[in-house]
Amino acid sequence: MAERQRLAHAAFSGICAQKLAEAEAFARHGGVKDIYVSNEVVSRRKLQQLAKLAQLPDVRLRLCVDNHDNVRDISDIAVEANIVFGVVVDVDVGQKRCGVSGPSEALRLAELIRSLPGVRFDGIQAYHGLLQHIRLNEDRKEAVAGIAAQAKAVVDVLTMAGIDCEVVTGGGTGTFFLEAETGVYNEVQPGSYIFMDAAYGRDEWKLPVGDECWRHSLYVLTTVVSRTEERRLAVVDSGTKAISLDMGPPLVHVSGCSSCDVAKFSSGGDEHGMVHMDDATQVPPVGSVLTLVPGHCDPAVNMYDEMIMVDTESGTVDERWPIAARGPGV
């Protein structure tokens, strides 16, 4: 999928990976050779695996850091492997998760990177995941202006110290167009846009390329295994082992119903989901197959071994793609 995007769009130069397994899948099988691992990787064993990827023909790897000892480890492993890692300093712009605090800490880490062999300072990451689902576009725009100001303050301090900040990266599906408009960011990291999900479906969109450009394209099929008409309830075989609920429930498409609004999903445990209908006469019969739009596409995809590509016009299966990078952890 990433390779198809790269071939279709000239502006697509590389891809973000969130963990080692994803970087391996892209480098070895995906056809995308410019890879940015946008999470901190601190295990020496994993760094050694990344070094092996960087030795592959045409592969360009960048890593994300916020810790001095981690940078020294990356340098040592790069020297051993006779490679150079591009390194991006992660800056905390308000999510209070990973990242250095402010311009002075970013400067100290950048200076360390520039002093060591096997690593190259490429720039900074200023990403704020919690901004992606601020519902109103104007509120999101105001929040992005705040993090862009923080990113610019870091760039200004680096510039005054004589350090070129080639890359300022950040943004997700909910905000990337806003980061791009600030003039501070020159790289953005949207990912969910390719599938979308119920959580993003609840956001207000005012995109420069048209508000209707995003469509849901990821679905999980589930079967009704029990029904109780008096309670307007259908029980399906998709529980928390089959669908993620961390960003809210999935949307439910029921055959014969014109809108997802007539059906509401709630957890029924590990193996079961509860579909509550507005009208008792609409409760689907046992054996019915319903279509769920996951609440959060990322962990939903991570639960499955393969993706089935269906032609929406004919309803036929076009291809089956293994999900090579699925699994836990960074």
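The values are calculated or read from the model by the stated rules, or taken from the named source; none is laboratory data. Computed from a predicted model, the values in this text were never measured in an experiment. In this analysis, Cβ positions are derived from the backbone assuming ideal geometry, glycine residues included, and neighbour counts consider all displayed protein chains. The area values use the complete protein model at the heavy-atom level, side chains included, leaving out ligands, DNA and RNA. Shrake-Rupley method; radii C 1.70, N 1.55, O 1.52, S 1.80 Å.
The table for this structure:
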| item | result |
| --- | --- |
| Sites Asp305 and Ala161, calculated FRET efficiency, Cβ-Cβ separation with R0 45 Å, nearest 0.05 | 0.40 |
| Table column - 3J(HN,Hα) (Hz), region 167-173, Karplus curve with 6.51, -1.76, 1.60, x for Gly and Pro | 10, 10, 10, x, x, x, 4 |
| Length released on extending from Asn67 to Asp270, taking residue separation times 0.36 nm less the Cα-Cα span | 69.3 nm |
| Candidates per GluC sites (Glu not before Pro) in region 230-330, loop by DSSP, up to 13 other Cβ within 10 Å | Glu313 |
| Length-normalised contact order for region 188-327 - Cα pairs under 8 Å, 6+ apart - percent | 26 |
| Relative contact order of the chain, pairs being alpha-carbon contacts under 8 Å that are 6 or more residues apart, as % | 12 |
| Cβ charges +1 (Lys, Arg) and -1 (Asp, Glu), total dipole of region 115-202, debye | 220 |
| Hits among aspartates and glutamates - C-alpha to C-alpha of Lys152 under 16 Å, sequence gap 8 or more where chains match | Asp90, Asp92, Glu105, Asp122, Glu142, Asp164, Glu166, Glu179, Glu181, Glu187 |
| Tilt relative to the chain, helix 137-160 - C-alpha long axis, 0 to 90 degrees, to 10 | 20 |
| Nearest-ten-degree value, helix 68-81 long axis tilted from longest Cα axis of the chain | 80 |
| Test item: Cα-centred dipole of region 200-330, Lys/Arg +1 and Asp/Glu -1 on Cβ, debye | 260 |
| Accessible solvent surface per residue of region 86-203, calculated while the other protein chains remain in place, 1.4 angstrom probe, Å² | 41 |
| Hz values of 3J(HN,Hα) by residue in region 232-239 - Karplus curve (6.51, -1.76, 1.60), Gly and Pro given as x | 6, 10, 10, 9, 10, 8, 10, x |
| Ranked packing of 101-108, 124-131, most packed first, by mean Cβ within 10 Å | 124-131, 101-108 |
| Computed over region 11-123, Kirkwood Rh from alpha-carbon pairs, angstrom | 14.1 |
| Identified option (computed Cα extents along the principal axes in Å; candidates (i) 71, 41, 36; (ii) 60, 46, 43; (iii) 89, 58, 31) | (i) |
